[in-house]
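The values are calculated or read from the model by the stated rules, or taken from the named source; none is laboratory data. None of these values were measured; they are calculated from a predicted model. Every residue, glycine among them, receives a Cβ derived from its backbone with ideal geometry; neighbour counts consider all protein chains shown. Accessible surface is based on the protein model in full, side chains and every heavy atom, while ligands, DNA and RNA are left aside. Shrake-Rupley method; radii C 1.70, N 1.55, O 1.52, S 1.80 Å.
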Amino acid sequence: MSIRDTLLLDQGYQPLRVIPWQRAICMNFLGKVELVAAHARPVRTVSRDYPAPAVVRLLGPYRPQQYIVRFSRQGVHVRDRHTCQYCGVRLPRRELTLDHVIPRHRGGPTNWENIVSSCSPCNLKKGGRTPEEAGMHLASEPRRPRWTPPNMSGLDEVPPPWLDWLPKSASTDAA
């Protein structure tokens, strides 16, 4: 994800997804969106400069499609805000592991509802047991995200113009 990517909002200013800035400019020229916020550096053409769209809002109704957020290791870490769900310690991505809440050998699936971010010591302590059996408590119940967090594509920091439009859990740094 590049710093020039654009956050797309629906008519009610709710975030829908991240789109390429080129698509946002085309949608703006076609009258489908309005520019809400721009990146600091403009998009330069041969004849003039255009504001680089950071946040745009749809002007027409949004017909929701069945959008399924694909399961991924990075997606779990972003959903859990790079925090161990057992001890609450925030760690860099490379120091986190994934833990099956219901262990795989007991039929626990590898999906959004059964995987959480964990530090290695907590993952080893829990072992092949459930959190209750290990005497450990989850900070939050694992759920499938309803939309793709903007920093799922590898961006370590959310662009400042997006912060006013994102839920507080998604707008924290991914560090």
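A few comments on the model shown:
- Mean Cα-pair separation over length for the stretch 66-131, i.e. relative contact order, pairs under 8 Å, 6 or more apart, %: 33 percent
- Whole-number percent relative contact order across the stretch 1-113, with pairs defined as alpha carbons under 8 Å at least 6 apart: 20 percent
- Accessible surface area normalised per residue over the stretch 1-91 is 60 Å², counting heavy atoms of protein chains with a 1.4 Å rolling probe.
- Across the accessible surface of the stretch 16-55, with the other protein chains kept in place and a 1.4 Å probe, carbon and sulfur atoms take up 55 percent.
- Sorting the segments 32-39, 103-110 by their mean number of nearby beta carbons within 10 angstrom, highest to lowest, gives 32-39, 103-110.
- In plain terms, the chain from I68 to Y13 could stretch by 17.7 nm, reckoned as 0.36 nm per residue minus the Cα-Cα distance.
- Shape of the stretch 96-135, Cα gyration tensor, a/c cut at 1.5: oblate
- Note on the stretch 1-86: antiparallel DSSP beta bridges, both residues inside, total approximately 80 percent of the bridges counted.
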